[in-house]
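Some notes on the structure that comes next.
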């Protein structure tokens with residue numbers, strides 16, 4: 001059984017709506033919580049080097065997966081020259097238990113008429129068992145809850161001696177990081193280059209620095225790393241960068 005509960009707040013009223021059928025599946029080893037609340041979004045990822053724009057976001061009450069949901073969206077907002085993806089997550093309160101971690105194309109550019117998205121388990125390992133985050137190149141794919149699609153993503157690295165370095169999308173920064181068991185603090189201010197880049201690269205720089213200023217902790221799940229603020233909300237998501 002699937003029930004469409006509501007549109008998420010902040011979305012514009014839609015004039016002529018059509019439904020996009022979306023198949024939602026669980027990744028191998030993932031499990032669906034009891035009375036799961038699924039959120040599915042249609043994102044515009046056309047602007048290179050900028051966070052995705054949410055065109056439609058809806059909640060569904062689901063009892064099992066795989067399942068097909070119908071995601072309403074405003075057809076007038078679609079430009080056949082642009083790129084769109086579907087993303088999904090399952091929450092328990094403010095905690096995200098499952099989410100998509102890759103881009104699933106939709107609507108344009110030969111995307112399937114019925115996109116299939118896969119939800120990955122986000123449950124954290126116990127703090128004592130948390131894998132290390134040093135000695136790894138991390139690439140950002142989500143800032144402040146908005147997916148980032150770019151061929152040259154911001155990246156960062158932490159060293160065992162506490163040294164920290166980051167490419168923000170325009171400038172390069174260095175500094176010090178204090179890393180504990182699930183805790184992380186980037187000491188301010190950071191030293192950095194002062195290049196002037198065209199938008200949206202400058203805005204991307206600013207968003208990355210702002211995310212670091214809020215960071216007080218981290219959660220690592222496999223190849224993914226989430227930086228969290230004092231309230232436990234994820235401000236930045238990264239993944240291991242291929243060698």
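The values are calculated or read from the model by the stated rules, or taken from the named source; none is laboratory data. Just so it is clear, the model here is predicted, and its values are computed rather than measured. Every residue, glycine among them, receives a Cβ derived from its backbone with ideal geometry; neighbour counts consider all protein chains shown.
Among the candidates 144, 162, 175, 182, the residue that is touching a strand residue (DSSP E or B) at 6+ places or on another chain (Cβ under 7 Å), surrounded by fewer than 18 Cβ atoms within 10 Å (Cβ to Cβ) and farther than 17 Å from residue 217 by Cβ is uniquely 175. Would a scan of region 124-135 turn up a residue that is within 30 Å of residue 56 (Cβ to Cβ), part of a strand (DSSP E or B) and under 20 Å from the mean Cα position of the chain (by Cα)? No, region 124-135 contains no residue that is within 30 Å of residue 56 (Cβ to Cβ), part of a strand (DSSP E or B) and under 20 Å from the mean Cα position of the chain (by Cα).
Scanning region 187-215 for residues that are assigned to a helix (DSSP H, G or I), in contact with a strand residue (DSSP E or B) (Cβ under 6 Å, 6 or more places away or on another chain) and surrounded by fewer than 19 Cβ atoms within 10 Å (Cβ to Cβ) yields one hit, 214. Condition check for residue 140 on (1) under 21 Å from residue 96 (Cα atoms); (2) more than 18 Å from the chain's Cα centre (by Cα); (3) at pLDDT 95 or above: one failure, at (2).
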